[in-house]
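Novice: After the structure tokens below, expect a handful of questions from me.
The values are calculated or read from the model by the stated rules, or taken from the named source; none is laboratory data. As the structure is a computational prediction, the values presented were derived from the model and not from experiment. Cβ atoms come from the backbone with ideal geometry, glycine included; neighbour counts cover every protein chain shown.
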Amino acid sequence: MERTKHLKKDEIVREWWEINAEGKTLGRLASKIASLLRGKHKPNFSPFIDVGDFVVVVNADKIRVTGKKLNEKLYRYHSGYLGNLREFTLKEMLERKPEEVIREAVWGMLPKNRLGRKLIKKLKVYKGPTHPHSAQNPKIFEWN
């Protein structure tokens, strides 16, 4: 009987992916990003080991959403003090911090544990078309 072989830390090969978010639907984009971060596209995927890749998202301010989400979807933030619950609609968040909209959507699709916190650090989101990660030679992610 053979034993299951799991990858060691030095055996993991990580790649960099660049995704252009212009015109992409928020939920579908977030699920693809979460899959790349976890490493589900690799043959040596393990749900409890970080085998995923780095993801760079550009044009975060040009995503699209369907339905009435622009005015009805709420993002809540609480400072910890009494009466300091802040609410912003998706439209306001896209104007103020479009990077945070994508980050929150991806975080909702990652595990809520130590591994998930490690994975979300490999996500780099930028408002415009440029990013400082060109030295890593990210591959352009092709949509099917």
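Novice: Would you confirm, using the coordinates I've provided, whether ILE63 is hydrophobic (A, V, I, L, M, F, W, C), out of contact with any His (no Cβ under 7 Å at 6 or more places or on another chain) and farther than 19 Å from LYS24 by Cα?
Specialist: Values: hydrophobic (A, V, I, L, M, F, W, C): yes; out of contact with any His (no Cβ under 7 Å at 6 or more places or on another chain): yes; farther than 19 Å from LYS24 by Cα: no.
Taking the combined requirement at face value, the residue does not satisfy it.
Novice: If you don't mind, another one. From (1) modelled with pLDDT of 95 or more; (2) buried (at least 16 other Cβ atoms within 10 Å of the Cβ); (3) part of a loop (DSSP other than H, G, I, E, B), pick out the condition that doesn't hold for LYS42.
Specialist: (1)
Novice: Could I ask something else about it? For region 59-133, which fully contained helices (runs of 4 or more DSSP H) count at least 1 residues that are surrounded by 15 or more Cβ atoms within 10 Å (Cβ to Cβ), in contact with a strand residue (DSSP E or B) (Cβ under 6 Å, 6 or more places away or on another chain) and modelled with pLDDT of 95 or more? Steps first, answer last, please.
Specialist: On the way: elements: 69-72, 90-96, 98-107, 114-120.
Once the helices (runs of 4 or more DSSP H) in region 59-133 are filtered for at least 1 residues that are surrounded by 15 or more Cβ atoms within 10 Å (Cβ to Cβ), in contact with a strand residue (DSSP E or B) (Cβ under 6 Å, 6 or more places away or on another chain) and modelled with pLDDT of 95 or more, what remains is 90-96, 98-107.
Novice: Six or more apart or on different chains, Cβ atoms under 7 Å: show the pairs whose first residue is in region 93-109 and small (Gly, Ala, Ser) and whose second is part of a helix (DSSP H, G or I) and surrounded by fewer than 16 Cβ atoms within 10 Å (Cβ to Cβ).
Specialist: Here the result reads ALA105/GLY27, each pair linking region 93-109 to a residue that is part of a helix (DSSP H, G or I) and surrounded by fewer than 16 Cβ atoms within 10 Å (Cβ to Cβ).
Novice: For region 11-31, what are the residues that are at pLDDT below 95 and among the β-branched types (Val, Ile, Thr)?
Specialist: Scanning region 11-31 gives ILE12, VAL13.
Novice: When the residues of region 1-32 are filtered to those that are loosely packed, with under 13 Cβ neighbours inside 10 Å and of a type in the set (A, V, I, L, M), which remaining residue is farthest from the chain's Cα centre (by Cα)?
Specialist: Filtering first and then ranking leaves MET1.
Novice: Going through region 33-59 one residue at a time, which ones are over 19 Å from LEU115 (Cβ atoms) and within 11 Å of the chain's Cα centre (by Cα)?
Specialist: VAL56, VAL57
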